[in-house]
Every structure is written in C-alpha cells, then in structure tokens.
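First up is the structure itself, then whatever we jot down about it.
Any read-out appearing in this document is the output of simple, stated calculations on the displayed coordinates, not a laboratory observation. Since this is a predicted model, take the numbers as computed values, not measurements. Cβ placement follows ideal geometry from the backbone for every residue including glycine, while neighbour counts extend to all protein chains displayed.
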Amino acid sequence: MLGIITSPFVLKERHLMSKQLLRRVAICSPIFWGDASGASVYYQLLANELLTHGVDVTVISDQERADSELSVNYFPLFPARCAKDKRPLRDVAAYLWQNVSYFGIQGILSSVQPHSALIHSSFYNHPGIFAQVMKRVMHKHPEINFIADVRDGLMPAHKVPLLNDYHRVIACSENVANHLLENGLESRRLLRIPVIQERIEPVDKLRTQLIADNGLGGQPYIFYAGLVKESKAVDVLLEAFLRFVRPVRKDMRLVIAGLMKTSSRRVKEMLAQDGVVYVGNRRREEVLALMSGAALCVNLSPDEGMPRTSLEALALGRPVALPPNVPEFVRYCDGFVVAEREPAEVAARMMEIMDAGATPDYPIEMHYPERVLHVYEKVLSV
C-alpha cells in the first residue's frame, strides 16, 4: 500500500551490511503486528531492514494476527491487546496473563540462541515482575548481547537504574536520553539512534476512497492519529476545535483515527459532536492516506519521545502542529510546536499554522534507513 523509494546508495549499503552482519537478532516487544502503535510500526520497519540485510530475526510479542509478509521467526507469547478498546476488567486480566507469560522468554531465547536481543523498555513502565524475570534471563544467558530499547520517557525514575544490567541502551530522542541520564543510567551504556522513517507515498485512490466513505467530500479537515485518551491531549484538541475553530470555520472537520483508550463520557460526547469524524482504529496505510489529505496534522501530547505520526506527517510534507517537549522539534521547527494547553490558545495556533500555508524544514533524511541502519549494525554486532 505504500510507495517506498529505494536509492542506489541504499542498495549499496544493504549489500555491504549483508556481508558484515549475518547474525541472529531477537526482538521482544508487547506489540508487533498491530498498526495501533508506533512501536509496531517501528519494529516492523526495523525487522524488514534487518531481514533485507541478511539477519535472522526472531520476534517475541503478542498474539495479534499477522497482516504482513515479513518472514520473521514469530513467538506469540503475550495476550493481544493492541487492537482492543479500553475495557478495565479485560485489560487487568490480560495484563496478569502477560506477567505470567514473561517466564516463557528464557525458553525461547535458549531455543533460538540469538547473538543480540532487543528488549522494549515499556515492559518496565508498569508494575509487574518483568524486571525480576529479565534479570534472571540475563544471568542465565551471559553470551547474549542484551540491549534495552527505550521509545519514550515514561519509565519511572526509580526503575531507570535497572537498565544498567543491559550491555547498551538505545534512546530514540534527546528528551528520552536526558530522562535516562538524569535518573541513573550510566552514560557509557547510552546510544541515541533516531527513529526509523522510510520514504512514503500514499496511494491517491485510497485517500479518495476514505474521504468519500467518511463523508468529507471536498471539506478541509484537521487530522489526529493516535490513542484516544487524555494523556495524549485529545480532550484539549476536541475542545479547541469545537469551541473555537468550528464556530468560525463552518466547513472545517476534525478527523480522529485511533484506539479508544478513555472511559471519559465528556470525551466520547465531544467525539459525537457535529464536525468531528471519529473513524476508529485504522491500518497504517489508511492513516497515511488520510494524513496526506489533511489541512493540518496535529499532535498535542506533552509526553512524547519522537512521535511516529508527527514524523510521518513531516515525511509527507504536510502542515503540522507539533507536540511540545521534543528538543528536535524545538530546534528545527519551533514555529510549529504548540506548547499551549488552553483550548482557545491551541485553536489560535492551529489556525495560524493553517493560514500560513507553510511546512517545517525538518531534516527528515536523518531518519531514513540508510542513515540509521549502520548504527544498529554496530550495536547488534558487539
């Protein structure tokens, strides 16, 4: 569904790496196949690049159904949660099951015998037994190059020192790296690797179909893709649009795509208001198609590492309202960062960005696979 451009330079790099890194790599993530998470997109892109370079990739993740042709050695160890809306009782049961399933990681690694194992740090973000299990796994397998992969700054400060048990720790952005260093990670273990972002070209036919199917016609729309919950500032976005944008721009729509992760009646009522189009959870190809036709792509979340959907909007050359607290965005495109939290101020900033008709000059090329994969080569082949 995506048009991916491969340059001669990329082909040359792949040929060189395929000779240098014929190794086995394991990836352990709570989500892999589902399109609902930036982690799933990231790990699929990384796995695809590693496979292309001759690496044997094993994935330990959830029981979500595969919708891909990636030929990874897949172990569906954890319960599927990524394609489900928020339901407290079910979610608690699934999380308890996931904690029990952690004991299966050691057996899988013993069977596969990878040279390196990349472990998603979000397992440490919540109460549970993962830290104790992984300490035992690393003790039992000193021959494996264990790497913690930190994709956000949500790890509790008191847990950060636990990452010193790993050989290396990857941080996806400056704010994540700062969070780790400030809370006890040894600097010699830290390696910052930009989030992988491939070149993308959405299919025009799919965009036209989605616009028609959702009754958008020729109307301009603001677009948000991500989890629908207050910590992502979706409530602020909805209020800003309904109270201050919609009254002065009657033809404007707000399109929201993502999993419903809130139980807030207020948020659900705003989602049902005239002018708001909630399209539910969508495949990545559909998200990119809707993104490519938006008058403005918005992410207001105050707790982001390097947000996938913002990178995708930048890669597509769309007007963007970017989240605060991401140093790279402040450095390269400060005029597009929306730090305000009051709905009236957020609405004013969004309309200002749309009216300017400009897009940020962000160096998206530093996220391209050929710029990133050589760093992974070094850390995975230690």
| note | Taking PHE244, PHE103 and counting other beta carbon atoms within 10 angstrom, the fewest-first order is PHE103, PHE244
| Once you charge only the Cβ atoms, +1 for Lys and Arg and -1 for Asp and Glu, what is the size of the charge dipole of the stretch 150-275 about its Cα centre, to the nearest 20 debye? | 140
| Taking amide hydrogens as modeled 1.01 Å from N in the peptide plane, which residues meet the under 5 Å criterion relative to ASP149, leaving out close sequence neighbours? | ILE119, HIS120, SER121, ILE170
| Among PRO247, SER264, HIS115 the positive-end extreme of the charge dipole of the chain (Cβ point charges) | HIS115
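Pull up the DSSP beta bridges for the stretch 204-364 and report the antiparallel fraction as a percent, rounded to 5. Intermediate values should be presented prior to the final figure.
Working: 0 of 15 bridges.
The antiparallel proportion sits near 0 percent.
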| Ranking of SER264, SER101, SER173 by count of other Cβ atoms within 10 Å, fewest first | SER264, SER101, SER173
| field | Note, ³J(HN,Hα) from phi for the stretch 116-130, Karplus 6.51, -1.76, 1.60, rounded to Hz, x at Gly and Pro | value | 10, 10, 9, 10, 5, 6, 4, 4, 8, 6, 10, x, x, 9, 4
| note | If R0 = 45 Å, then SER110 and ALA272, at their Cβ-Cβ distance, give a FRET efficiency to the nearest 0.05 of 0.30
| Residues with beta-carbon under 9 Å from that of GLY153, excluding GLY153: net charge, scoring Lys, Arg +1 and Asp, Glu -1? | -3
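For the chain, what does the relative contact order come out to in percent, with C-alpha contacts under 8 Å and a separation of six or more?
The normalised contact order for the chain reaches 17 percent.
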| PRE reach from ALA344 (point 7 Å along Cα→Cβ): which of the stretch 228-263 fall under 19 Å by backbone N? | 236-249
| said: Charges on Cβ only, +1 for Lys and Arg, -1 for Asp and Glu, centred on the Cα centroid of the chain; of HIS158, TYR42, TYR376, which one is farthest towards the dipole's positive end? | reply: HIS158
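Given R₀ = 51 Å, FRET efficiency for ASP91-ARG188 by Cβ-Cβ distance, to 0.05? Walk me through the numbers on the way to the answer.
Details: r = 38 Å, r/R0 = 0.74.
Efficiency, from the Cβ-Cβ distance: 0.85.
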| message | For a quick check of your reading of the filter: which trypsin sites (Lys or Arg not before Pro) in the stretch 239-277 sit in a DSSP loop and have no more than 12 other Cβ atoms within 10 Å? | response | LYS250
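Hand me the trypsin sites (Lys or Arg not before Pro) from the stretch 329-358 located in a DSSP loop with no more than 15 other Cβ atoms within 10 Å, in residue order please.
Answer in residue order: ARG341.
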| Tell me, how many Å apart are the Cα centres for the stretch 233-271 and for the stretch 291-314? | 16
| Given charges of +1 on the Cβ of Lys and Arg and -1 on the Cβ of Asp and Glu, with all other atoms neutral, how large is the dipole of the chain about its Cα centre, in debye to the nearest 20? | 840
| Mean projection area, nm², convex hull over Cα of the chain | 18.2
| query | Based on the Cα coordinates of the stretch 8-193, what is the per residue volume of their convex hull in Å³? | reply | 127
